[in-house]
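K.L.:
Below is a structure I'd like to ask you about.
Please treat every number below as a calculation from the coordinates, not as lab data. A quick note: this is a predicted structure, and the numbers were derived from the prediction, not measured. For neighbour counting, all protein chains shown are included, and Cβ atoms are generated from backbone atoms with ideal geometry for every residue, glycine included.
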Amino acid sequence: MFKTTKKIEYFINPARLSYLLELYQITEKDLVERLNLTKNNELRKFGIVDIGWLNDVMDKKNKINLSLLKRIEAIFNVGISWLVSSRTLPPKNGSIFFRKKIFNSELDFNSKKIIDSFEKLKIETQLMTKYINYKPKRFLKVYSQNDDAILVAKEISSIFFGKYQTLLEKKEIEKPTAERDYLKNLIRTMEEFSIFVFERTETWNQKERLNNVDGLFLFPNFILIKRNQKYFRREIFSLIHEFAHYLLNIEEIDNVREEFLNFKLSKIEQWCYAFAFYFLLHDQIKNYESIKNANKQNNYSENIINEIYCNTHLSQRAIYTRLVIENKISQTDYNKKKEELNKYIKEREKEELIRKEFNRARGIEQKGSAPKPIESKLFTELVKINYFEGNIAENKLREYLRIGSEKNLNDVLYS
């Protein structure tokens, strides 16, 4: 093997580094600070850089050694060859961060990296549809925020759950026995309308997390939702909220909370919240509309609210919030009910923690495994067809479908 003492150095492409700084909305000073930190966020003892060094790199006065190049690559996850390439940059309208500047969520650096990665997956998915001449058709029309969200919810609900029922009858989906099953069925039904839905799962110790993000919609038909381990009803609400953005054809990155009130929201978000609520009411709309004034005299309509809660996948918090928005409960009574719900939830969480600690003390094994995302059947079939037709390699197939190297490919492909 040949050995060399020659120091390997490169000229970085300044246009590409500027593109990344603008994409993630960080300054050159921010980048220098990140470069000077270890993986454990401690200040490096060696290889410290400053703004002057970065300016020289950007002006192509200085080359950059491989070690520093790897540090930059580790921050942005774009590949070393991408950083030094002289090829034309991708168009800026390829990223939602260039198409929009303000979102319904405060995005930290890691959230932006995850969303950028999802956009790359979207582009790769669109390429795979072109490889096999598959043109996803839009079956549902585009609505305007000037359309009545409640009437649209009733109209779309009729179409959507008609398809849902057909899938049940064909045994392509099963009658749900848990909220996660219902979420899975909603995703499967959306795929019948050529909408790609991806679920992101995260563990407590995961380094890169989607903080303050519950879901997003990207043109033309891509939805990402984050798994909510504790409250599947909230995740279901997030999914339908992003579905509302699809119907409006307006991109967004959302921090969805069922207790948000109208005065805190833009007109578009008010529309999406109203749509999601009435869509999820489904066949309980008349029951909900029978509530005229929830107050102490009628026990805050608790019987009706409990009936709606048991026959839909709406949370009680979402129901009470809708009531106060529509002036069917006073703000004072709403605050009281919300406080009662918060207290109840905290007590349940405390009881669960005590139960786990008790079992641990008795040596009872705590069963659990890393959560697996709900699979997109539409995406899976697209990947498999492209693999069979030779458009993607085995390593890409395994990456897309999360197939470990220890698994026999045929067992997955033909199962």
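K.L.:
Measure nothing fancy, just the Cα-based angle from helix 377-388's long axis to the longest principal axis of the chain, in degrees from 0 to 90, nearest 10.
P.N.:
Rounded to the nearest ten degrees, it is 40.
K.L.:
Continuing with this model, one more query. If each residue of separation counts as 0.36 nm, what is the full-extension length gain between S266 and T177 once their alpha-carbon separation is subtracted?
P.N.:
28.4 nm
K.L.:
Over segment 287-371, what portion of Cα pair distances is larger than 23 Å, expressed as a whole percent?
P.N.:
Result: 39 percent of Cα pairs exceed 23 Å.
K.L.:
Separate question: If the elastic network links every pair of Cα atoms under 10 Å, which of L183, L218, L168 fluctuates the most in the Gaussian network model of the chain?
P.N.:
Ranking L183, L218, L168 by mean-square fluctuation puts L168 first.
K.L.:
Same structure again: Leaving out same-chain residues fewer than 8 places away, which lysines sit with a Cα under 18 Å from that of K63?
P.N.:
Filter leaves K6, K7.
K.L.:
A further question on this structure: Once the Cα gyration tensor of the chain is diagonalised, what are the square roots of 5 times its eigenvalues, in whole Å and ordered largest first, as equivalent ellipsoid semi-axes?
P.N.:
Taking √(5λ) for each Cα gyration eigenvalue gives 43, 27, 24 Å.
K.L.:
Separate question: Which part of segment 226-256 falls in the paramagnetic zone of V142, meaning amide N under 15 Å from the point 7 Å along Cα-to-beta-carbon?
P.N.:
245-252
K.L.:
Using the per-residue mean of other Cβ atoms lying within 10 Å as a proxy for protection, in what order, highest first, do the peptides 187-200, 143-156, 330-343 fall?
P.N.:
Highest to lowest by the protection proxy: 187-200, 143-156, 330-343.
K.L.:
Now for a different question. Which residues in segment 312-355 have a backbone N closer than 18 Å to a point placed 7 Å from the Cα of R362 along the Cα-to-Cβ line?
P.N.:
Counting only backbone N, you get 351-355.
K.L.:
If you don't mind, there's one more thing I want to ask. On alpha carbon coordinates alone, what is the Rg over Rh value for segment 120-250, Rh being the Kirkwood radius?
P.N.:
0.97
K.L.:
With the Cα gyration tensor of segment 9-89 in hand, convert its eigenvalues to equivalent ellipsoid semi-axes via √(5λ) and list them largest first in whole Å.
P.N.:
They are 19, 14, 13 Å, listed largest first.
K.L.:
Moving on to the next point. Would you calculate the separation in nanometres between label points at R44 and Q206, each defined as 7 Å from the Cα along the Cα-to-beta-carbon direction?
P.N.:
2.8
K.L.:
Rank I319, I102, I48 by mean-square fluctuation in a GNM of the chain with C-alpha springs under 10 angstrom and give only the top-ranked residue.
P.N.:
Highest fluctuation among the options: I48.
K.L.:
Sequence gap at least 6, Cα distance under 8 Å: using those rules, report the relative contact order of segment 9-89 to the nearest whole percent.
P.N.:
47
K.L.:
Given a Förster radius of 51 Å and the C-beta distance between Y414 and K70 as r, what FRET efficiency does 1/(1 + (r/R0)^6) yield to the nearest 0.05?
P.N.:
With R0 = 51 Å, the Cβ-Cβ based efficiency is 0.80.
K.L.:
Let me ask another. What nm value, rounded to one decimal, do you get for the distance between I250 and E381 when each label is placed 7 Å out toward the C-beta?
P.N.:
3.2
K.L.:
How far, in degrees from 0 to 90, does helix 232-248 lean away from the longest principal axis of the Cα atoms of the chain, to the nearest 10?
P.N.:
Relative to the chain, helix 232-248 is tipped by roughly 80 degrees.
K.L.:
Kindly rank 10-22, 286-298, 229-241 from highest to lowest mean number of other beta carbons found within 10 Å of each residue.
P.N.:
Packing proxy ranking, top to bottom: 229-241, 10-22, 286-298.
K.L.:
Pull up the cross-link candidates among the lysines for K286, meaning alpha carbon to alpha carbon under 17 Å and not fewer than 8 places away within one chain.
P.N.:
Counting by Cα, and skipping residues close in sequence, K286 has these lysines nearby: K154, K328.
K.L.:
If I fit a long axis through the Cα atoms of helix 66-76 and take the longest principal axis of the Cα atoms of the chain, what angle between them do I get, 0 to 90°, rounded to 10?
P.N.:
Roughly 10 degrees between the two axes.
K.L.:
What FRET efficiency do you get for E406 and K372 if R0 is 22 Å and r is their Cβ-Cβ distance, rounded to the nearest 0.05?
P.N.:
My answer for the efficiency is 0.85.
K.L.:
Hey, another quick one. Please compute the length gained on full extension between E192 and D59, using 0.36 nm multiplied by the number of residues separating them and subtracting their Cα-Cα distance.
P.N.:
Result: 42.7 nm gained on full extension.
K.L.:
Among E172, E347, E119, which one shows the highest mean-square fluctuation when the chain is modelled as a Gaussian network with alpha-carbon springs under 10 Å?
P.N.:
Of E172, E347, E119, the Gaussian network model singles out E347 as fluctuating most.
K.L.:
Can you tell me, using C-alpha contacts under 8 Å and at least 6 residues apart, the relative contact order of the chain as a whole percent?
P.N.:
With pairs under 8 Å counted, the relative contact order is 14 percent.
K.L.:
Which pairs in the list K137/K267; K226/K407; K230/K350 are over 19 Å apart, alpha-carbon to alpha-carbon?
P.N.:
Checking Cα-Cα distances, K137/K267; K226/K407 exceed 19 Å.
K.L.:
Right, another one. Among 322-329, 377-384, how do they line up from the highest to the lowest mean number of other beta-carbon atoms within 10 Å?
P.N.:
Sorting 322-329, 377-384 by mean packing, highest first, produces 322-329, 377-384.
K.L.:
A further question follows. Stretched out fully, how many nm does the piece from S290 to N327 gain, at 0.36 nm a residue minus the Cα gap?
P.N.:
Going from the current span to full extension adds 12.0 nm.
K.L.:
Please give every one of the lysines within straight-line cross-link reach of K135, meaning a C-alpha to C-alpha distance under 20 Å, and leave out same-chain neighbours fewer than 8 residues apart.
P.N.:
Those lysines meeting the cut-off are K120, K122, K377, K384.
K.L.:
Provide the FRET efficiency to the nearest 0.05 for the R99-L168 pair, computing r from the beta carbons and using R0 = 35 Å.
P.N.:
Taking R0 as 35 Å, the efficiency between R99 and L168 is 0.40.
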